[in-house]
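The values are calculated or read from the model by the stated rules, or taken from the named source; none is laboratory data. In this text, all values refer to a predicted model and were calculated from it rather than measured experimentally. For neighbour counting, all protein chains shown are included, and Cβ atoms are generated from backbone atoms with ideal geometry for every residue, glycine included.
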Amino acid sequence: MNAPLFPNGPQSANSWQYRALNSANPGLNFLSDALLELVAEGHPVLAGSADLQYSNGLNKFAAQHPERYIQFGISEQNMVTAAAGLATTGHMPFVATFASFLGLLCCEQIRMDIAYCAQPVRLIGHHTGISLGFYGTSHHATEDIATMRAIADLTVISPADGPQLAAAIKASASWPEPIYFRIGRGREPDVYAPGTPFVIGKAIEHMQGDELTIIACGLPVHPALEAARKLNAEGRSVGVIDMATVKPLDREAVLRAAGRSKILMTAEEHNVLGGLGSAVAEVLADEGCGIKLVRHGIHDEYSLIAPPTHLYAHYKLDAVGMEEVARAALARI
Amino acid sequence: MSAITATQRPAGNDYAPSAAEIARLREKARFVRLETIRLIEIAKVGHYSSVFSAAEIFSALYYDVMELKAGEPTWPDRDRFLMGKGHAAVGLFPILADLGYIRKDVLDGYTRLGNPLGDHPDMRKVPGIDFSSGSIGHALSAGAGMAWGGHASHRDFNVFVMLGDGEMQEGQVWEAALFGAHHKLSKLIAIVDRNGFQLDGAVDDVIGVEPLDAKWRAFGWETHVVDGHNLAELTALLRRLKADETRTTPACIIAKTLKGKGVSYMETEPGWHLGYLAPEDAQRAVAEIMSREI
């Protein structure tokens, strides 16, 4: 830390304030950096945020392109509808706020003004799932996959980390539909190296499992991989699929896993009702696959209050918990 | 009737429409009312009175004020029109047909299976509809986005947003009002059709919205109150707001209107927000509209 600017201000290097801390978080740069890249490529990008530019890192984009940044204040519904209006004039708007606000508060605006009006707006729901820890239920988003995937003509992408978000945003430049991106808080361990290509609608099959395949999206991809590696080292056969595009779902990847494995498991930072687990279950039911499916996530409840890492452990969404749930699934074969 | 009030600068007479122009606009407003009756006969239900309060606003905008190209509904520099009170779309569709945006036979299939024209306007289906509506309270936000986007694209178009007075009860309207003033969206012009009624009764009995002009002024909008059926006043004001290059705020017109204007019994009975006139009653309504000078 630099020497304190204010002699009467905090003196300890352990003290911190919101803007400075967030500006120093490299995990938050992926969004701005990806948008800056799109601008450099000539795309008509506009970015908007609702009083959270230091939480989603768009302050970096705003500083470089103030003419392309729109401050909406604490008016999320206005932001979403206005983004649709912006898109009608040929711009490519990216608007960002907490996933809980986009997925629930703005659900109708997303349906009526963006998806139904077919305006190619990119919605960035950040700090999704239970990543806001002890901020509590108002700030948790455990229903946003369910609401967003029920909206016709809306693509839903849940990247596992910053590099995948950046790659997905790059891939989205030519995607005709509006997109809901569901992302974490920028502190997730990376699964992917920067520059790893991303194809919308295509699952990423990390490893194949003859006994169990874990189909995950978002933050749980990393712990699912760790759990699978550990179990495979013991001689089990566990596969992992990153289903980053929740809609349109890669049905073929689900069916391949169902054909190969004896049991399937989904893992998501979301209510087990309506999310990735439900989407996979729909495919299995549609195709008459008589395979057991363990849906792992938040079991139709509101999360406890705790720091995020404690919550991930409590809900078995960290590597240890994921391994435990996977072992239980293997025991059911 | 009432004069334009509380204007910040003198109105002058430069923008006053001629007698011939007023007569033409009056005929167009009459056309809107008559077509509304004709189309609702197809659906057997519709919002007569919501259109009738706005007929002069439709006429002034589409036949005088807005920059449009007949037959080219997607012309990028056109002025935009959005309606928060989307249930008045039945009065707009005949205008779109008149301008060559939709075919006459499509208009005549209003609400029939597979036809693009329903009770609310749909931009995906209807050429000339600049934005869909139906859920009250969204339109001003969408219009604000268009005004911001037009400015960013160095296009000079105006964005007119017609809002219902019951719509003033929606919170999102005021989010958009703050946003429009803060970002100085001077090409954004809201028109509140202050006809006084909503489904459950008088707006001021349901959830009062007055003092409405003071609210818009307090939100930073240049605000005018006008008789929404007086085509001379309304057109002059709209022309002037459109021409004003000095304004640094959005503008709001509170158009004082009568719900059901043109058909006497509808003007006194708010239940006509939604209804149906059997052919013999429709004929009497048509006769009144034909004989009355508004």
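Scanning segment B:41-65 for residues that are closer than 26 Å to B:Glu21 by Cβ and either over 12 Å from the mean Cα position of the chain (by Cα) or surrounded by fewer than 17 Cβ atoms within 10 Å (Cβ to Cβ) (or both) turns up B:Tyr63, B:Asp64, B:Val65. A:Ala82 meets each of the listed conditions (1) more than 11 Å from every other protein chain (Cβ to nearest Cβ); (2) not in a loop (DSSP other than H, G, I, E, B) apart from (1). Checked against the criterion of being of a type in the set (Phe, Trp, Tyr) and under 30 Å from B:Ser18 (Cβ atoms), segment B:207-217 contains not a single residue that satisfies it.
Here B:Val286 passes the criteria (1) within 19 Å of B:Arg194 (Cβ to Cβ); (2) part of a helix (DSSP H, G or I) except the one numbered (1). Which residue is farthest from B:Pro76 (Cα to Cα), if the candidates are limited to segment B:102-136 and must be of a type outside the set (A, V, I, L, M) and assigned to a helix (DSSP H, G or I)? Selected residue: B:Asp105. A search for C-beta distances below 8 Å between a residue of segment A:70-97 that is on the phi > 0 side of the Ramachandran plot and in the same structural domain as A:Ala34 (by TED's automatic domain parsing) and any residue that is surrounded by fewer than 24 Cβ atoms within 10 Å (Cβ to Cβ) and outside any helix (DSSP H, G or I), counting only pairs 6+ apart in sequence or on different chains, returns A:Gly73/A:Asp51; A:Gly90/A:Pro44; A:Gly90/B:Pro76; A:Gly90/B:Ser153.
All conditions but one from (1) surrounded by fewer than 17 Cβ atoms within 10 Å (Cβ to Cβ); (2) in contact (Cβ under 8 Å) with a residue 12 or more places away in the chain apply to B:Glu280; the one that does not is (2).
When segment A:121-141 is limited to residues that are at positive phi and modelled with pLDDT of 95 or more, the one that is surrounded by the most Cβ atoms within 10 Å (Cβ to Cβ) turns out to be A:Gly129. The residue list B:Glu56, B:Glu21, B:Glu41 contains one member that is in contact with a Leu (Cβ under 6 Å, 6 or more places away or on another chain) and assigned to a helix (DSSP H, G or I), which is B:Glu56. The set of residues from segment B:131-143 being surrounded by fewer than 24 Cβ atoms within 10 Å (Cβ to Cβ) and not aliphatic (A, V, I, L, M) comprises B:Gly134, B:Ser135.
Please determine whether any residue of segment A:292-301 is within 23 Å of A:Val199 (Cβ to Cβ) and either modelled with pLDDT of 95 or more or surrounded by fewer than 24 Cβ atoms within 10 Å (Cβ to Cβ) (or both).
Our first condition is that a residue be within 23 Å of A:Val199 (Cβ to Cβ); within segment A:292-301, this holds for none.
Looking for residues that are within 23 Å of A:Val199 (Cβ to Cβ) and either modelled with pLDDT of 95 or more or surrounded by fewer than 24 Cβ atoms within 10 Å (Cβ to Cβ) (or both), one finds none in segment A:292-301, hence no.
All conditions but one from (1) assigned by TED's automatic domain parsing to the domain that holds A:Phe61; (2) surrounded by fewer than 19 Cβ atoms within 10 Å (Cβ to Cβ) apply to A:Ser100; the one that does not is (2). The set of residues in segment B:151-169 being within 12 Å of chain A (Cβ to nearest Cβ), in contact (Cβ under 8 Å) with a residue 60 or more places away in the chain and buried (at least 18 other Cβ atoms within 10 Å of the Cβ) consists of B:Phe157, B:Val159, B:Val161.
From the list B:Val126, B:Val90, B:Val106, the one residue that fits, being without any contact (Cβ under 8 Å) to a residue 60 or more places away in the chain, away from chain A (no Cβ under 11 Å) and buried (at least 24 other Cβ atoms within 10 Å of the Cβ), is B:Val90.
Mind listing just one residue for me: the one in segment A:25-74 that is among the charged types (D, E, K, R) and more than 14 Å from chain B (Cβ to nearest Cβ) and, of those, nearest to the chain's Cα centre (by Cα)?
A:Asp33
In segment A:94-119, the residue that is farthest from A:Ala168 (Cα to Cα) out of those that are more than 11 Å from chain B (Cβ to nearest Cβ) and touching a Lys or Arg at 6+ places or on another chain (Cβ under 7 Å) is A:Ala99. Read through the list (1) surrounded by fewer than 20 Cβ atoms within 10 Å (Cβ to Cβ); (2) on the phi > 0 side of the Ramachandran plot, then give the number of the only condition that B:Gly260 fails. B:Gly260 satisfies every listed condition except (1).
Inside segment A:91-207, counting only strands (runs of 3 or more DSSP E) that do not spill past its ends, which hold 3 or more residues that are farther than 30 Å from B:Lys125 by Cβ?
Values: elements: A:92-98, A:122-126, A:155-157, A:179-182, A:204-207.
It comes to A:92-98, A:204-207.
Screening B:His120 with (1) within 14 Å of another protein chain (Cβ to nearest Cβ); (2) surrounded by fewer than 24 Cβ atoms within 10 Å (Cβ to Cβ); (3) free of Cβ contacts under 8 Å to residues at least 24 places away in the same chain gives one miss only, at (3).
The number of residues in segment B:175-199 being of a type outside the set (Gly, Ala, Ser) and either more than 14 Å from chain A (Cβ to nearest Cβ) or touching a Leu at 6+ places or on another chain (Cβ under 9 Å) (or both) comes to 12.
Yes or no, residue by residue, for (1) more than 22 Å from B:Arg80 (Cα to Cα); (2) touching a residue at least 24 places away in the same chain (Cβ under 8 Å):
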{"site": "B:Asn195", "(1), (2)": "yes, yes"}
{"site": "B:Asp204", "(1), (2)": "yes, no"}
{"site": "B:Ile207", "(1), (2)": "yes, yes"}
{"site": "B:Glu210", "(1), (2)": "yes, no"}
{"site": "B:Trp221", "(1), (2)": "no, yes"}
{"site": "B:Glu245", "(1), (2)": "no, no"}
{"site": "B:Ser291", "(1), (2)": "yes, no"}
{"site": "B:Ile294", "(1), (2)": "yes, yes"}
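Here A:Gln11 passes the criteria (1) part of a loop (DSSP other than H, G, I, E, B); (2) crowded, with 17+ Cβ neighbours inside 10 Å except the one numbered (2). In this structure, is A:Pro197 under 26 Å from A:Met92 (Cβ atoms) and not assigned by TED's automatic domain parsing to the domain that holds A:His43? Spelling it out, A:Pro197 is indeed under 26 Å from A:Met92 (Cβ atoms) and not assigned by TED's automatic domain parsing to the domain that holds A:His43. Hey, any hits in segment A:246-255 for a residue that's out of contact with any Asp or Glu (no Cβ under 9 Å at 6 or more places or on another chain) and within 19 Å of A:Thr142 (Cβ to Cβ)? Yes, there is a match, as at least one residue in segment A:246-255 is out of contact with any Asp or Glu (no Cβ under 9 Å at 6 or more places or on another chain) and within 19 Å of A:Thr142 (Cβ to Cβ). Cβ separations smaller than 7 Å between residues 6+ apart or across chains give the following pairs from segment B:135-146 residues that are more than 7 Å from chain A (Cβ to nearest Cβ) to residues that are among the small types (Gly, Ala, Ser) and in a loop (DSSP other than H, G, I, E, B): B:Ile136/B:Gly84; B:Gly137/B:Gly84; B:Ala139/B:Gly84; B:Ala139/B:Ser133; B:Leu140/B:Gly84.
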